[in-house]
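The values are calculated or read from the model by the stated rules, or taken from the named source; none is laboratory data. The model shown is predicted, which means the values in this text are computed figures rather than measured ones. Glycine also receives a Cβ, built like all others from the backbone with ideal geometry; neighbour counts cover every protein chain displayed. Note: areas computed on protein heavy atoms with side chains; ligands, DNA, RNA excluded. Shrake-Rupley method; radii C 1.70, N 1.55, O 1.52, S 1.80 Å.
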Amino acid sequence: QVQLVESGGGLVQPGGSLRLSCSANGTIFSFATMGWYRKIPGKQRELVATIARTETTRTVKGRFTISRDNAQNTVYLQMNSLKPEDTAVYYCNLETSWGVTAWGQGTQVTVSS
């Protein structure tokens, strides 16, 4: 069974930054596409970013950057210029080409003055 563990969430002021981390057990990580999703209160869970197994970094609209370190079985989400509307539970996702999926337990991000 694949296990994903997120960390790095917390309370930040608008304009601040956070870096989320997600670590996976085992060797399957290097074969998988990783992603970050978020659940904003009152809305459906939505995709933030994905990163392929051979990629190292991908930027989303200049504020968020997803990256991975296959040697450490870890994917990151760097979040800059945070806004109150970014407040959500952020989830790590793993998916392989043959259909294996896994989700982390989620980490809370709150952006508030």
Quickly run through segment 52-93 and pick out the residues that are over 30 Å from Ser113 (Cβ atoms) and in contact with a Gly (Cβ under 6 Å, 6 or more places away or on another chain).
-> Asn93
Among the residues of segment 38-53 satisfying the criterion of being without any contact (Cβ under 8 Å) to a residue 12 or more places away in the chain and not in a strand (DSSP E or B), which is most open to solvent (accessible area, probe 1.4 Å)?
-> Gln44
Mind checking which residues of segment 54-113 are within 12 Å of Met34 (Cβ to Cβ), part of a strand (DSSP E or B) and under 11 Å from the mean Cα position of the chain (by Cα)?
-> Ile66, Ser67, Arg68, Thr74, Val75, Tyr76, Leu77, Tyr91, Cys92, Asn93, Leu94, Trp103
Single unsatisfied condition, Asp69 versus (1) closer than 21 Å to Ser17 by Cβ; (2) open to solvent by less than 80 Å² (accessible area, probe 1.4 Å); (3) touching a residue at least 24 places away in the same chain (Cβ under 8 Å) = (3)
Taking the options Gly15, Gly35, name whichever one is within 17 Å of Ser67 (Cα to Cα) and open to solvent by less than 60 Å² (accessible area, probe 1.4 Å).
-> Gly35
